[in-house]
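Visitor: A single structure is presented below for examination.
The values are calculated or read from the model by the stated rules, or taken from the named source; none is laboratory data. Owing to the predicted nature of the structure, the values given are computational and were not obtained by experimental measurement. Positions of Cβ are generated from backbone atoms using ideal geometry, with glycine treated the same way; all protein chains shown enter the neighbour counts.
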Amino acid sequence: MERIHRLTLWLTVIALGLAVAPALLAQTVVAPTSNQSQNVNQSTTISVQGQGIANTCYVPTTAQMAASPTCNQDPLGNPTGGEWVKLAGTITTAYHFEMDADGDHWHMRTTTHSELTGNGACSGAKYVEKEDFNSDYKLTVTDTQTFVKSDFQQDDKIKLVSQGPLPNMTAVTRTHVIVDEQGNVTVVKTFPNAQGQTVTKCSK
């Protein structure tokens, strides 16, 4: 359902990370010699095109499918289970990075918010998509900067709102994973199950 959207969004987040990396690396990656903690904040907003997601809460009509046989497929030709919605707009990502004075405890939080609009490929209906993606990543490292322990939590909520009579769609995913010093992985909390699958709700 969300393959293209997730791929392009993550590429955007990676690009943002690369954009702020020089500032973060200059201040944080090398353990401070002054025995002082580090605290860095950065925020970036970019315009994006070519985003997309399927409204799986709406089943295209027979007439719509006859007029546009591929309107329920993503750009790769995969069936979406609903009409494909092409989106564009802005994505804002805020980064917060902390490191203690010893340089062995790192903490990075990211908050990504999208404001996108587009039209359904089958219905032509206008949609507004708002997404909030939050991650919280804690690391423990050695003196040689080798990761020995991590705690990762992410929350992702997408809301696709029809600007007319068609149903809205809300998709939520939550995951919390810990890796200990021996490399053992523990799934602490996920929603709705241990695989962290997406829960989709339809409304109007």
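Visitor: Pick from Thr61, Thr117: which is within 22 Å of Phe133 (Cα to Cα), at pLDDT 95 or above and surrounded by fewer than 20 Cβ atoms within 10 Å (Cβ to Cβ)?
Guide: Thr117 is the lone residue from the list that is within 22 Å of Phe133 (Cα to Cα), at pLDDT 95 or above and surrounded by fewer than 20 Cβ atoms within 10 Å (Cβ to Cβ).
Visitor: Just checking, which of Ala101, Ala94, Ala23 is over 19 Å from Val128 (Cβ atoms) and either modelled with pLDDT under 65 or part of a helix (DSSP H, G or I) (or both)?
Guide: Ala23
Visitor: If you take the residues of segment 147-162 that are hydrophobic (A, V, I, L, M, F, W, C) and touching a residue at least 24 places away in the same chain (Cβ under 8 Å), which of them is surrounded by the most Cβ atoms within 10 Å (Cβ to Cβ)?
Guide: The residue in question is Leu160.
Visitor: Within segment 64-76, count every residue that is surrounded by fewer than 19 Cβ atoms within 10 Å (Cβ to Cβ) and either of a type in the set (Ser, Thr, Tyr) or at pLDDT below 95 (or both).
Guide: Going through segment 64-76 one residue at a time, the tally reaches 4.
Visitor: Right, here's the next one. In the set Thr28, Thr8, Thr44, Thr12, which member is part of a strand (DSSP E or B) and either loosely packed, with under 12 Cβ neighbours inside 10 Å or at pLDDT below 95 (or both)?
Guide: Exactly one of Thr28, Thr8, Thr44, Thr12 is part of a strand (DSSP E or B) and either loosely packed, with under 12 Cβ neighbours inside 10 Å or at pLDDT below 95 (or both), namely Thr44.
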